[in-house]
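The values are calculated or read from the model by the stated rules, or taken from the named source; none is laboratory data. Note that the structure is a prediction, hence the values are computed from the model and not measured. Here the Cβ is made from the backbone with ideal geometry for all residues, glycine too, and neighbour counts use every protein chain on show. Just so you know, the surface numbers come from the protein's heavy atoms only, side chains and all, with ligands and any DNA or RNA stripped out. Shrake-Rupley method; radii C 1.70, N 1.55, O 1.52, S 1.80 Å.
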Amino acid sequence: MAIQWFPGHMHLTQKAIGERIKNIDVVIELLDARLPGSSANPMLAELTAGKPALKVLNKQDLADPARTADWLAHYNALPGTRALALDASVATPAKALVKACFELAPNRGGMVKPMRVLICGIPNVGKSTLINTLTGKRAAKTGDEAGITKLEQRISLADDFYLYDTPGVLWPRIIVAKSGYNLAASGAIGRNAFNEEEVALELLDYLKTHYADLLAARYKLDTVGALNDEELLEAIGRKRGALQGGKRVNLQKAAEIVIYDFRAAAMGRITLETPAEFAQWLSEGRKLDAKRQIRKDAIELDRLVRFKKIPRPS
Ligand code: G4P
């Protein structure tokens, strides 16, 4: 079953971003470099359409470097868009951010026309960590609970460069089932909203095809290719001693191990989607949405014909 995740209160953030965006020159969207497509919020794209965009692939230390390069090339080829990769070990990220923003909006700068930048990102993408590095202090993390709107933070990165933190929380929005699983695996979705076993099986299904060597090395398995997802989870559980009642594998525990290992990059640096794969998932998701809409329209029409007695269109 696909993961459903509607934390609500998005409309508050939506309204606040809509207000703030009027006076913004560049929008920085922090993405998780392990799942750049799924960690983007489609609502943000709608709200900020037309504004120059800087995509920051954060946590690059956990992601597959070759795939990060592919994603950077993908974004850098889009009009009005620049991309760079970052991680928390970069001591002075401000320099690269400031440079990229001035490239995107070269008409800004100086005290009369300071650069005004909005920084956004779904929870857990590393926004607080980055802002703390930029400000050189440990700012309190607030506003992660639904309904709590953060006080707006303005950070000066130079005399003529202001960075505004997103007002409110930009929750992820799941548009395709695959994105839901990838967001859950990365830690961006609350624990209670998904089933670990299901997420681990989806993760293993992908890793088996794209990172079989890393799986085999981490869990000392020489039969990765011959096992189906369930058998793979069971083999990992057995190897790692996740057993219950004698010799039976505790699949829940095995799933937690797989997810934990992925989050800690214990198998190695992994990226769960390529630009081409994500584009395909998106197009499949949109087709499903369109089909769903046609069904809903047919039900509504039927209701109108039966209860309001409108003539059925020929
Ligand atoms: P948020 O504001 O976007 O919600 O994210 P936050 O900065 O709180 O970061 C979420 C988690 O990701 C934190 O780990 C943080 O340490 C980690 N993180 C942030 N940036 C990077 C990065 O570039 N690379 C890696 N590997 N991790 C990063 P945590 O386990 O939730 O907290 P803690 O153990 O650091 O206290």
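Name the residues in region 227-267 that are touching a residue at least 60 places away in the same chain (Cβ under 8 Å) and open to solvent by 50 Å² or more (accessible area, probe 1.4 Å), would you?
E256, R263 - these are the residues of region 227-267 that are touching a residue at least 60 places away in the same chain (Cβ under 8 Å) and open to solvent by 50 Å² or more (accessible area, probe 1.4 Å).
Against the definition (under 19 Å from G187 (Cβ atoms) and either out of contact with any strand residue (DSSP E or B) (no Cβ under 8 Å at 6 or more places or on another chain) or exposed (fewer than 12 other Cβ atoms within 10 Å of the Cβ) (or both)), how does V224 come out, yes or no? So V224 does not fit the description; no.
Evaluating R218 against the criteria (1) more than 16 Å from the ligand (Cβ to nearest atom); (2) open to solvent by less than 70 Å² (accessible area, probe 1.4 Å) leaves one unmet condition, (2). Across region 41-67, the qualifying residues are those that are touching a residue at least 40 places away in the same chain (Cβ under 8 Å) and small (G, A, S), and the one among them that is surrounded by the fewest Cβ atoms within 10 Å (Cβ to Cβ) is A53. Of all residues in region 22-36, one or more are over 16 Å from the mean Cα position of the chain (by Cα) and modelled with pLDDT under 95. In region 155-174, the qualifying residues are those that are of a type in the set (D, E, K, R) and under 18 Å from A16 (Cα atoms), and the one that is most open to solvent (accessible area, probe 1.4 Å) is R173. With respect to the conditions (1) at pLDDT 95 or above; (2) surrounded by 18 or more Cβ atoms within 10 Å (Cβ to Cβ); (3) out of contact with any helix residue (DSSP H, G or I) (no Cβ under 7 Å at 6 or more places or on another chain), V117 falls short on a single one, namely (3). All conditions in (1) polar (S, T, N, Q); (2) touching a residue at least 40 places away in the same chain (Cβ under 8 Å); (3) crowded, with 21+ Cβ neighbours inside 10 Å hold for N23, with the sole exception of (3).
Residues in region 77-98: is at least one more than 18 Å from L35 (Cα to Cα), open to solvent by less than 20 Å² (accessible area, probe 1.4 Å) and touching a residue at least 40 places away in the same chain (Cβ under 8 Å)? Scanning region 77-98 turns up at least one residue that is more than 18 Å from L35 (Cα to Cα), open to solvent by less than 20 Å² (accessible area, probe 1.4 Å) and touching a residue at least 40 places away in the same chain (Cβ under 8 Å).
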